[in-house]
Amino acid sequence: MSFRINSFEEYQNEYTKSVENPEQFWADKAGHFQWRKKWDKVLEWNFEKPDVKWFIGGRLNITENCLDRHLAERGDQTAIIWEPNSPNEEVRKLTYKELHEEVCRFANVLKNNGAKKGDRICIYMPMVPELAIAVLACARIGAIHSVVFGGFSFSSLADRINDAECNLVVTADGGYRGAKDIPLKVIVDEALQICPSVKKVVTLKRTGIAVNMQSGRDVWWHDEVKKATTEFVAEEMDSEDKLFILYTSGSTGKPKGVVHTIGGYMVYTAYTFQNVFQYKEAEVFWCTADVGWVTGHSYLIYGPLLSGATTLMFEGIPTFPDAGRFWSVIDKHKVNIFYTAPTAIRSLEAMGLDFVKPYKLDSLRVLGSVGEPINEEAWHWYEENIGKKNCPIVDTWWQTETGGIMISPLAGITKTKPSFATLPLPGIQPVLLDEKGNVLEGNNVEGRLCMKFPWPSIIRTTYGNHERCHDAYFSQFKGYYFTGDGCKRDENGYYRITGRVDDVIKVSGHLLGTAEIENAINEHPDIVESAVVGFQHDIKGWGIYAFVIDEHGRTDTDELKKEIIATVNKFMGAIAKPDKIQVVKGLPKTRSGKIMRRILRKIAEGDVANLGDTSTLLDPAVVDEIKLGAI
Ligand code: WT7
């Protein structure tokens, strides 16, 4: 039974097998891993509750599969190449043997600081190897990691820590991102004032800025590792034990803690990593995503390490010290597979080819795209100028909730079509539904993208609130997992994602809930109400347009706008900064008090001539006022 697909014909055969006998199909794939005890049953599922279990009764530790399993064969091969923010700082490389030792050592540190199986550990760190070490050390002791992106503010961090009731936080004094230093420990200290569950904080020294160390609570990474050995027998876990929680935005309320479990996530991320990218032994793989997002979990850490690959971790940003940084790193480390987001491609394209020309880029074999639709222009620019028309592009569609890539070409195997994610991977059964939930059969159709059968890394629950998982994904269309995306299927059965159909927007590839941004804006004492919608943006994909009502009718709106941006920064983080803020006297509401976002979206798009029916509004006059002030 083979793990690898080598031709389109094999893809078709594997796909058929995966649909006809999913249990047999995935049991074969799972057999390629190291289990302490084999599973008793492959799958039980019910999409109504939902309740999905894979490899039931199986016992394992995922880090034995990421690390120990490789020691005999490739202990001296580089597991992680770390490229620092500043090109003048020294590169670090960790072999599988070294990574194994460091993970064991830090597992001991966690244990010495009171952590145990089942605990939730928050990781709020810059992109340094210790971040990967911390993640794997959690998995090694059977604790559940909850990584929070270092760009989130203290308030977002506190919400996430409290929701998961974390008892330990791993952080750093600070982090470098381009020309900026981020004072991570200061942000943690502020968050912890409202996080009673946290008993210990382990802090890595990265930037050397002065930090407060609270006695009894705060310990230094470097002190703790000195006291710890490099031996640690991995905790034996159940296949369905939780591996991690990762927060993602929804249409309403605070972010949801998406839960993934060990066995299914392991099998699926390794399977998709090797097949989508057609990874070959000893290649260097570079995923530019931060580990704070699911892409970093699945394709910077787990997928590549499970496959014995060399994974590159980059601390910095694409434009520092200049817009050629990505390309210089590719040449420097002879990267073979490069995986990034359309937003990065578009922003680098806009900087001009002079930043690309100095580099050879001849090590590249495969290019990937993830996180948002890639427009045709960016696709062609990527293929011509970076891939030199020699590298297949894999446009990979998936979500935090899916754990791994779902719809994507297999590099060099599936014929690509710009802006199409092409075909479902084996094991994935997409359907398109109309608004009433009827299945749209055949090709040349457009509808809501749903899944009718589980795959191994499907979301299991939303942490601490299973009903929310049901309501968000399994309630709109009974018996289906609903993705929240609109999608077309063309005449050849190729899928093209058209974008979100709910109240979340993808800003520079980051998923943000409009309600969440509104809540942050409303923290400003003068703002009585706000409404946020997206508008199309050349570089970011979508931009944030905020309509706000100021209680005092202030006229110094420039000042007010600055304050609003500062408020959003404080309560969410810079990624949610509104691009446009319009101060209005009222918002278009229906008689039942619901904001008519459809109208606001049109105004934000500059399409004021086609606002549609406004007669059901409580006060149609507000629309005229908003139209006049539109930015
Ligand atoms: C949403 C999920 C994929 C992991 C990182 C983002 C959009 C993602 C594509 C793509 C078009 C895409 C969808 C999806 N999306 N990949 N290749 N083409 N749209 O995970 O933050 O959970 O976002 O990103 O709208 O639902 P996420």
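The numbers here are math on the coordinates, done by the rules we state, and not lab data. Computed from a prediction, not measured in an experiment: that's the story for all the values here. Please note: Cβ atoms are built from the backbone with ideal geometry, for glycine as well, and neighbour counts cover all protein chains shown.
Which number do you get for Rg(Cα) / (2.2 N^0.38 Å) in segment 15-97?
Details: Rg = 18.9 Å, N = 83, 2.2 N^0.38 = 11.8 Å.
Output field value: 1.60.
Highest mean first, what order results for 445-453, 523-531 on Cβ atoms within 10 Å?
Numbers: 445-453: 19.6, 523-531: 17.7.
Packing proxy ranking, top to bottom: 445-453, 523-531.
For segment 107-115, just list the computed ³J(HN,Hα) in residue order, Karplus coefficients 6.51, -1.76 and 1.60, θ = phi - 60°, integers in Hz, with x standing in for Gly and Pro.
Once rounded to whole Hz, the list reads 4, 5, 4, 4, 4, 4, 9, x, 7.
Hand me the GluC sites (Glu not before Pro) from segment 235-287 located in a DSSP loop with no more than 16 other Cβ atoms within 10 Å, in residue order please.
Working: sites: GLU235, GLU236, GLU240, GLU281, GLU283; in loops: GLU235, GLU236, GLU240, GLU281, GLU283.
Answer by residue number: GLU236, GLU281.
So for each of 477-487, 252-262, 33-43 I average, over its residues, the number of other beta carbons within 10 Å; can you give me the resulting order with the highest mean first?
Working: 477-487: 19.1, 252-262: 22.4, 33-43: 15.2.
Ranking the peptides 477-487, 252-262, 33-43 by packing returns 252-262, 477-487, 33-43.
Classify segment 508-629 as rounded, prolate or oblate, taking a ≥ b ≥ c as the square roots of the eigenvalues of its Cα gyration tensor: rounded when a/c is under 1.5, otherwise prolate if a/b is larger than b/c and oblate if not.
Numbers: a/c = 1.74, a/b = 1.25, b/c = 1.39.
Oblate is the answer for segment 508-629, as a/c is 1.5 or above yet b/c matches or exceeds a/b.
Using DSSP, restrict attention to beta bridges with both residues in the chain and report what percent are antiparallel, rounded to the nearest 5. Don't skip to the end; give the middle numbers.
Numbers: 60 of 101 bridges.
Within the chain, antiparallel bridges account for around 60 percent of the total.
Give me the count of lysine pairs in segment 508-629 whose alpha carbons sit under 14 angstrom apart, restricted to pairs 8 or more positions apart or on different chains.
Total qualifying Lys-Lys pairs in segment 508-629 comes to 9.
For ARG92 and ASP613, what is the calculated FRET efficiency with R₀ set at 60 Å and r taken between the beta-carbons, to the nearest 0.05? If you can, show how the numbers build up before the last one.
Working: r = 61 Å, r/R0 = 1.01.
For R0 = 60 Å, the calculated efficiency reads 0.50.
Sticking with the crude label model, points 7 Å out along Cα→Cβ, report the distance from ILE194 to GLU48 in nm, one decimal please.
4.0
Any idea how far the Cα center of segment 104-128 sits from the one of segment 319-361, in Å?
The distance from the Cα centre of segment 104-128 to that of segment 319-361 comes to 34 Å.
FRET efficiency for HIS222 and ASP556, Cβ-Cβ distance as r, R0 = 51 Å, nearest 0.05?
Efficiency computed from Cβ-Cβ geometry: 0.55.
For the chain, what is the convex hull volume of its Cα atoms per residue in Å³? The partial results should precede the final answer.
Numbers: hull volume 98.8 nm³, N = 631.
Hull volume normalised by residue count: 157 Å³.
Can you tell me what share of the DSSP beta bridges in segment 177-269 is antiparallel? A percent to the nearest 5 is fine.
On the way: 7 of 10 bridges.
Of all bridge pairs located within segment 177-269, approximately 70 percent are antiparallel.
How long is the gain from LYS389 to ARG598 if the chain were fully straight, where each residue apart is worth 0.36 nm and the alpha carbon distance is subtracted?
71.1 nm
Express the relative contact order of segment 508-629 as a whole percentage, based on alpha carbon pairs under 8 Å and six or more residues apart in sequence. The partial results should precede the final answer.
Values: 176 pairs, mean separation 28.7, N = 122.
So the answer I get is 24 percent.
Counting pairs on different chains as well as pairs 8 or more places apart, how many Lys pairs in segment 1-125 have Cα atoms under 25 Å apart?
24
Let a ≥ b ≥ c be the square roots of the eigenvalues of the Cα gyration tensor of segment 315-362; is it rounded (a/c under 1.5), or, if not, prolate (a/b larger than b/c) or oblate? Let's see the in-between values first.
On the way: a/c = 1.44, a/b = 1.22, b/c = 1.18.
It is rounded, given that a/c, with a ≥ b ≥ c, falls under 1.5.
Treat each spin label as a single point 7 Å out from the Cα along the C-beta direction, and report the LYS570 to GLN34 distance in nm.
A separation of 5.1 nm, rounded to one decimal place.
Which of the cysteines found in the chain have nothing to pair with, since no other Cys Cβ lies under 4.7 Å from theirs?
CYS66, CYS104, CYS138, CYS195, CYS287, CYS391, CYS450, CYS469, CYS487
Looking at segment 508-629, send over the antiparallel percent of its DSSP beta bridges, to the nearest 5.
Around 70 percent of the beta bridges assigned by DSSP in segment 508-629 are antiparallel ones.
As a check on your grasp of the helix formula, calculate [θ] at 222 nm for the chain: sum -39500 (n - 2.57) over DSSP H runs of n ≥ 4, divide by the residue count, round to the nearest 500. Please report the intermediate quantities before stating the final value.
On the way: 18 runs with 172 residues, N = 631.
So the helix-based figure for the chain works out to -8000 deg cm²/dmol.
Assuming 0.36 nm per residue, please report the length gained on full extension of the stretch GLU563 to GLU10 beyond their Cα-Cα distance. Write down the numbers at each step before the final one.
Details: separation 553, 0.36 × 553 = 199.08 nm, distance 5.76 nm.
Between GLU563 and GLU10, full extension yields an extra 193.3 nm.
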